[in-house]
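Notes follow the structure.
The values are calculated or read from the model by the stated rules, or taken from the named source; none is laboratory data. Please read these numbers as outputs of a predicted model, since none were measured by experiment. In this analysis, Cβ positions are derived from the backbone assuming ideal geometry, glycine residues included, and neighbour counts consider all displayed protein chains. The protein model used for the area step is the full one, side chains on, heavy atoms only, and it has no ligands, DNA or RNA in it. Shrake-Rupley method; radii C 1.70, N 1.55, O 1.52, S 1.80 Å.
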There are 2 protein chains.
Amino acid sequence: MCQLLGMNCNVPTDICFSFEGFQLRGGLTDHHRDGWGIAFFEGRGCRVFLDSKATIESPVAELVRRYPIHSTNVIAHIRKATQGRIALENSHPFQRELWGRYWLFAHNGNLENYAPALSGDYRPVGDTDSERAFCHILDTFRREFPNGPPDEIALFGVLKRLCQDIAAHGTFNCLLSNGDALYAHCSTQLHYLVRQAPFSCAHLVDQDVTVDFSQLTTPEDRVAVIATLPLTDNEAWTALRTHQLVLFRDGVPVEGL
Amino acid sequence: MCQLLGMNCNVPTDICFSFEGFQLRGGLTDHHRDGWGIAFFEGRGCRVFLDSKATIESPVAELVRRYPIHSTNVIAHIRKATQGRIALENSHPFQRELWGRYWLFAHNGNLENYAPALSGDYRPVGDTDSERAFCHILDTFRREFPNGPPDEIALFGVLKRLCQDIAAHGTFNCLLSNGDALYAHCSTQLHYLVRQAPFSCAHLVDQDVTVDFSQLTTPEDRVAVIATLPLTDNEAWTALRTHQLVLFRDGVPVEGL
């Protein structure tokens, strides 16, 4: 099974602490060695780092771990290949442009007999079920709202229906962001927490590292972290329910609870 | 003025030597401090590293300089902002998908009164003339060939006409690649060379570094390097002519000479 990690904040925040534990799941504390990727939104722009190596062997992961890129929306993924060979074009997150914004997507799970009709506006480059699902989602968004983005609630409704349709083909835990908001869909396994004042210490599950967030934050900071499995062992993570879609904005869930 | 660097090879090759000299033009030997980017194709996949810092201050550039990523098609760009603020979304190369392949594009120059009619299939995310030109190119490709890519010569003809139209608005030196081939258009300044057997030593213009390619290559290797200005001072660089479009494939120019 792949591992997902997402972050949505009200002020640009670095993900170094969460990534520290997360990257160990790419070949050390868990068996996902088939590539990885991470996308950082900075305003409308986006940096995407992809690698077909395991995170624990990847110089790019080492850079990400040490270089504090500040972002309000992050999506990361460690791959355990199910469909599609181990190759850069099959590494998540996938990126496309819609309505003059970049959209990033990562998926954990496996879809069987999933061959949606695509208009051709978005075509998969690789051969994963995941990229097909992403193209299907953006294709549907564009057909339903050809003149530009609708309000957030209307888009949420379309995405919720789409996720249910796709999840009928198998496991569909996923993260989707356009840099403004982050959507998280749970099929089998996805957890989140919100860090906000009063901040305290957090201790990683995957190695003996503790951070005292009260030393690194201001009282207004708010950060939602979403992960396949809890990354820390002394904080209150909430498990999403099956078929639950949650919209995170400014570090809190605003729709779908 | 921005700086462009491209590489097209018959076998995956690292660009460390050329990038060594090129990156110094981002703030040290030349005055281009407004961001940079580099894209490496690996098969159908692509890694894009972007930074709004100057290359000489960028940890990401340091990674690229030291981590030998092997690629058959590379496009790099150092930005001197003319239109569009200094921001990640305005850093080249720009990426989009067409016909199930990623396309990467970088531009050097400035276009005045350039507002092409766009269908909406490709919309700029940032606010540069360069990204508008890229969207215009892919938009036209898609409209002319809605069912998929035509043969290489037909696409070359459409791109040549497009480049001439766009260059009527100002300076339009650019590089475009889909991972199979690399197109280079010269408006004012673009040079290339082909390295092939018998290989010899090359010495950088921007610093006192020499590489003996005969030690690093096999007799079958062939690499075309394209750059705004020659990167080495002891090799025979060819200047492209105004309005010349050249298609590189497998390390040699195959069309447009």
> Is there a residue being away from chain B (no Cβ under 11 Å), modelled with pLDDT of 95 or more, part of a strand (DSSP E or B) and open to solvent by 10 Å² or more (accessible area, probe 1.4 Å) anywhere in the range A:161-172?
Replying inline: yes
>> For the range B:214-257, give me each residue that is of a type in the set (Val, Ile, Thr), touching a Leu at 6+ places or on another chain (Cβ under 6 Å) and within 20 Å of B:GLY109 (Cα to Cα).
In response: B:VAL225, B:THR228
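Please enumerate the residues belonging to the range B:44-66 that are open to solvent by 50 Å² or more (accessible area, probe 1.4 Å) and either within 20 Å of B:GLY6 (Cβ to Cβ) or at the interface with another protein chain (Cβ under 9 Å from one of its Cβ atoms) (or both). If you could, list the steps in order and put the result at the bottom.
From the range B:44-66, those open to solvent by 50 Å² or more (accessible area, probe 1.4 Å) are B:44, B:53, B:56-57, B:62, B:65-66; that's our starting set.
Hits for the range B:44-66 are B:ARG44, B:GLU62, B:ARG65, B:ARG66.
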> Do we find a residue being assigned to a strand (DSSP E or B), over 22 Å from the mean Cα position of the chain (by Cα) and more than 21 Å from B:GLN3 (Cβ to Cβ) anywhere in the range B:216-237?
Replying inline: no
>> So B:SER91 ticks every box in (1) within 12 Å of another protein chain (Cβ to nearest Cβ); (2) farther than 21 Å from A:CYS46 by Cβ but one. Which box is left unticked?
In response: (2)
> Which of the following residues is in contact (Cβ under 8 Å) with a residue 24 or more places away in the chain, away from chain B (no Cβ under 11 Å) and open to solvent by less than 10 Å² (accessible area, probe 1.4 Å): A:GLN3, A:GLN23?
Replying inline: A:GLN3
